[in-house]
Amino acid sequence: GSPVSNERRPSTLGVPFPSTEVRIADPEDLSKDAEGIGEILVRGPQVFKGYFGEPEETAQAFHDGWLRTGDLATWEDGFIVMADRAKEMIIQGGFNVYPTQVEDVLRAMAGVRDVAVVGMPDDSRGESVVAALVLEPDTTVDLDMVRRWAYDKLSHYAIPKSITVVDDLPRS
């Protein structure tokens, strides 16, 4: 939760509640703490024990007594900062790419109104980073422009390998 004081940091998830333990675990090895972005694991008296009558689902939801939230985050000065959802992470050539980070960079590009980034199957890389762009009226953007814009803002493996321009993105 977020402290109700001057310590409050609105863009974060906040700090752990009393009697709640939180770890940011290495996505590749949940027994280790992440050095940067990792999966949020929680445990405490308010965390449920498992799914009733679903031992397989329960086994997937927990690691060594910790509930796997499926959320990726990092610690910043004692506050948890959300990065993405683990299921949305793109693994491109062995590197983890967080769609939200790529979207934030591309959304700041002139002429881009909105963007969605996904991983598409790729035989040689595992997945490729693909961006769907919604453009401002009378704007044109091509892949080279996107790649030049992102070149010094993203790791080379996170730069989209292809783009598509769409009129709108679905919302749910």
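The values are calculated or read from the model by the stated rules, or taken from the named source; none is laboratory data. Treat the numbers as computed from the prediction; the structure is a model and nothing was measured. Positions of Cβ are generated from backbone atoms using ideal geometry, with glycine treated the same way; all protein chains shown enter the neighbour counts. We work out accessible area using only protein heavy atoms, side chains counted, and drop any ligands, DNA or RNA first. Shrake-Rupley method; radii C 1.70, N 1.55, O 1.52, S 1.80 Å.
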- Ratio of the Cα radius of gyration of the stretch 1-113 to 2.2 N^0.38 Å, where N counts its residues: 1.21
- The longest stretch of the chain containing none of the chymotrypsin sites (Phe, Trp or Tyr not before Pro) that sit in a DSSP loop with at most 11 other Cβ atoms within 10 Å is 53-150
- In Å and from the alpha-carbon atoms only, list the Rg and Dmax of the stretch 40-172. 18.2, 56
- Point-to-point label distance, M145-E76, nm (Cα→Cβ direction, 7 Å offset): 3.0 nm
- Item | Förster radius 41 Å - calculated FRET efficiency between R171 and S19 (Cβ-Cβ, nearest 0.05) | 0.65
- Task: Once you've got the GNM for the chain with C-alpha springs shorter than 10 Å, pick whichever of R113, R23, R85 has the biggest mean-square fluctuation.
- Result: R113
- As straight-line cross-link partners of K161, the qualifying lysines (C-alpha separation under 28 Å, not fewer than 8 residues apart within one chain) are K87, K153
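Could you work out how much longer the chain between E88 and D104 gets when fully extended? Use 0.36 nm per residue separation minus the Cα distance between them, nm to one decimal. Mind dumping the intermediate values first?
Numbers: separation 16, 0.36 × 16 = 5.76 nm, distance 1.50 nm.
So the chain would gain 4.3 nm between E88 and D104.
For the stretch 1-129, which whole-number percentage of the solvent-accessible area (1.4 Å probe, protein heavy atoms only) is attributable to carbon and sulfur atoms?
So the carbon and sulfur contribution to the accessible surface is 51 percent.
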- For the stretch 5-55, run through the GluC sites (Glu not before Pro) and keep only the ones in DSSP coil with at most 13 other Cβ atoms within 10 Å of their Cβ. E7, E28, E35
- Message: Give me P(r) over the stretch 20-68, computed from all C-alpha to C-alpha distances, binned every 5 Å, as integer percentages.
- Response: 5, 23, 29, 21, 16, 6, 1, 0
- Task: With all distinct Cα pairs included, what does the Kirkwood hydrodynamic radius of the stretch 70-130 come out to in Å, to one decimal, could you say?
- Result: 12.7 Å
